[in-house]
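Derivation of every value follows stated rules applied to the coordinates shown; laboratory data play no part. Only a predicted model underlies this, so the values are computations on that prediction, with no experimental measurement involved. Glycine gets a Cβ as well: all are built from the backbone with ideal geometry, and neighbour counts include every protein chain shown.
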Amino acid sequence: MARKLVLSLDGEVSELPFTRLAARSPFGSRDKLVTDDAGELSQRGRISADGSTVIPPGGLTQVYRDQAGNHISRSELVTIDEYGDVLDTLPSTLGIEHELYGPVPAARLLDHVTTSVYRIDDADLGPELAAALERGDIFEAEFRYNPSTSTKALFLLRGDEGTVALISEPLAMRFVDRDEDPETNTVDDDEEDDDDDFDFSF
């Protein structure tokens, strides 16, 4: 059974199947194929640090070990906060009714970076929610695709191509006002790092 977004707005519940919109869906894509001198299709591989071994696709895996070198399974891993306290794992929001907040201002989107886009079928929207989206209103809800210790923001809005849900995370940068004094955003020469990671000299 397909998983759904179950969103409530003022008591009206909308059960919304969703489809992830891939980057290549509206824009198309171009694939690069690499062949050898004989025209045979090549496979991507890795070279070991000492250059003595070619590692084929699927030849590497990631494991966790403690300071004594003992293997740690993923089920034993926990997430902690800045104080070292273990964070609780919250359930997925899919299939669970939860509240839509809003309308929220469009500027709220500027505080986030979108990581995924889901297409919503307008036919599944409740009439009140559909009317609000048609007016240009934007709504926000909590989103967790899987059980997780962190929660993303879901922004529901309608554009020229229909209704979409933008899955977003808080933006870890500050916008600078055009009238802001540039002196407040410069780095003191004495504080600059002399080490340049990018050397463009030839």
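Brief remarks on what is shown
- Here the spin labels are modelled as points 7 Å beyond Cα on the Cα-Cβ line, and at VAL176 and VAL13 they lie 5.0 nm apart.
- Gain in span if fully extended, SER42 to THR115, counting 0.36 nm per residue against the direct Cα distance: 23.1 nm
- FRET efficiency for the pair ILE96 and ASP124, taken as 1/(1 + (r/R0)^6) with r the Cβ-Cβ distance and R0 = 22 Å, rounds to 0.85.
- Computed FRET value (nearest 0.05) for ALA107 with VAL78, which takes r as the C-beta separation and R₀ as 35 Å: 0.45
- Size of electric dipole in the stretch 1-103: Cβ of Lys, Arg +1 and of Asp, Glu -1, about Cα centre, debye, nearest 20: 600
- Note on the stretch 49-135: Kirkwood hydrodynamic radius from all Cα pairs is 19.6 Å, rounded to one decimal.
- By the count of neighbouring beta-carbon atoms within 10 Å, fewest first, LEU7, LEU166 end up ordered LEU166, LEU7.
- Using a Förster distance of 30 Å, the FRET efficiency for ASP50-HIS71 (Cβ separation, nearest 0.05): 0.75
- Distance between the pseudo-spin-label points of LYS32 and ARG20 (7 Å out from Cα toward the beta carbon): 2.4 nm.
- Inter-label distance, ASP160 to TYR64: 4.6 nm, where each label sits 7 Å from its Cα along the C-beta direction.
- Percentage relative contact order, the stretch 75-170, counting C-alpha pairs under 8 Å, at least six apart: 35
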